Amino acid sequence: MSEEEIKLLVKAEVKQEINASLKDLHEEISTMKNSIDRIERILVGDPKFKDIGYAEMIVNVNRYVTENQVNHIVERGLCAIDFKEQWDKEGNWDRLKKMIENDKVKAALYTFLGLGTIAGVINIVQLVTTIVQQFVK
């Protein structure tokens, strides 16, 4: 082989190696681009899928925590839970239930007898007066 043929062979071999390396590099860059796109969708969200992403989630959680701290929701909730547990132990819920039931019975009785309004009271007084007058005659 001549020197010129050897140079062409080496040149072709080097060109082939460079093309293979460039192809591998292009595939790696493509893979990295896809990974970066996925990371961006996770962080920023994807309007195509109506996904808000971690960044907005963090802002929402921060806003929620701040509002709860300002409104003292946790402390008030704990007080309400303690109050409910205390009423459970003391049986106050049962007493309250009986009181409500008694008030319902009283209200039904007042309504039945017409004592719920002034007109009902006047009507009963007239009825009693009429009955008394008939016995007196």
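Quick notes on this structure:
- A straight Cα-to-Cα reach below 23 Å connects K84 with the lysines K97, K98, residues fewer than 8 places away in its own chain not being considered.
- Between 0 and 90°, nearest 10: helix 92-113 axis offset from the chain longest Cα axis: 50 degrees
- Charge context of A20, other residues only, Cβ under 12 angstrom, K/R +1, D/E -1: -2
- Taking the helices alone, the chain has a mean residue ellipticity at 222 nm of -31000 deg cm²/dmol, built from -39,500 (n - 2.57) per DSSP H run of at least 4 residues and averaged over all its residues.
- Distance histogram in 10 Å bins (all Cα pairs of the chain, percent per bin): 9, 11, 10, 11, 11, 10, 9, 7, 6, 5, 4, 3, 2, 1, 1, 0
A short reminder: the numbers here are calculations on the coordinates, not readings from a lab. Computed from a prediction, not measured in an experiment: that's the story for all the values here. For neighbour counting, all protein chains shown are included, and Cβ atoms are generated from backbone atoms with ideal geometry for every residue, glycine included.
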